[in-house]
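The structure appears below as structure tokens.
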């Protein structure tokens, strides 16, 4: 009787290293597939910060945060120095054609190059903000391009996507996020 | 000889870590605060650089913004919160205690505690086993056998 209990106890103590090993393996295995360059989004559920930026196409026109509310929309951060933005641009055109309201923010770029880009590749943006020194970008927590913010009609940021939007992730999850915006 | 010397000096390389930016401060406290902040905040684009060391353009912008806030008289906490709000706890080199990071803070302590307990328990068990053996007297048959073995080995 006591021998049985002793044996069971021994078995348990022998299993502990195995269990610890399995836990560590699972932890590290998950870590393998985590993209370390994507940071946790912290700006979710907050209103767009105050800003005053000029229009990209019409330099005299000035925009403030009121342009980023009123209807569900995407705020796409892009630049001509960003190769991923180039590959994303074609799909943004398609989305715009499907009726998705997209505001563009040209980030740390030159106006001339940006205008040439929109001229050649088509312009999916209803409004284009021009942020040459990247200060609104900084205020929004942008740390690269492209990044896309999902903003609801009250001007509250509901979601942030780091990296390009493509048919795979749009149909996978982003479309649902966009359709849930009120 | 001279040529070889020149060649060898060319092969030497020096790492230059300092970023050359010039910031003017009104007080020494502000400058000290700026230095601590840029040393303790991490550049979001780089995996392992602080703001002071990084040449990434985002780090430059963040240095500028941090400078502006320092000169505006903002407190250290306010500035740190501003950056956490935007880039998450990633910007901190020292992770705060949260549910997700608890293992980092408590883990080593638990490890030592449990390890210590196991060591103490095992050593106690061994001692008791040893004393058990010592208490046992050899039977007469075993004594005979032992004597025989010893005798054999002497030959």
What list do you get for B:87, A:21, A:51 if you sort them by fewest beta carbons within 10 Å?
-> A:21, A:51, B:87
Rounded to the nearest 10 degrees, what's the angle between the helix A:2-32 long axis and the longest principal axis of chain A, both from Cα atoms, 0 to 90?
-> 20 degrees
Mind sorting A:135, B:8 by how few other Cβ atoms lie within 10 Å of their own Cβ, fewest first?
-> B:8, A:135
Calculated [θ] (222 nm, deg cm²/dmol) that DSSP helices of n ≥ 4 give over chain A, each run adding -39,500 (n - 2.57) = -12000 deg cm²/dmol
Report the relative contact order of region A:46-180, percent, no decimals, based on alpha-carbon pairs under 8 angstrom and at least 6 residues apart.
-> 33 percent
Any chance you could give the angle, 0 to 90 degrees and rounded to 10, that helix A:83-97 forms with the longest Cα principal axis of chain A?
-> 70 degrees
Rounded to the nearest Å, the spacing of the alpha-carbon centers of region B:69-126 and region A:86-146 is 39 Å
In degrees from 0 to 90, rounded to the nearest 10, what is the angle of the helix A:111-121 Cα long axis to the longest principal axis of chain A?
-> 80 degrees
Anisotropy class of the protein assembly as shown from Cα gyration tensor, a/c 1.5 cut | prolate
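Computed from the coordinates by the stated procedures, all read-outs in this text should not be read as laboratory data. Model, not experiment: these values are computed from the prediction. Using ideal geometry, Cβ is built from the backbone for each residue, glycine included, and neighbour counts are taken over all protein chains shown.
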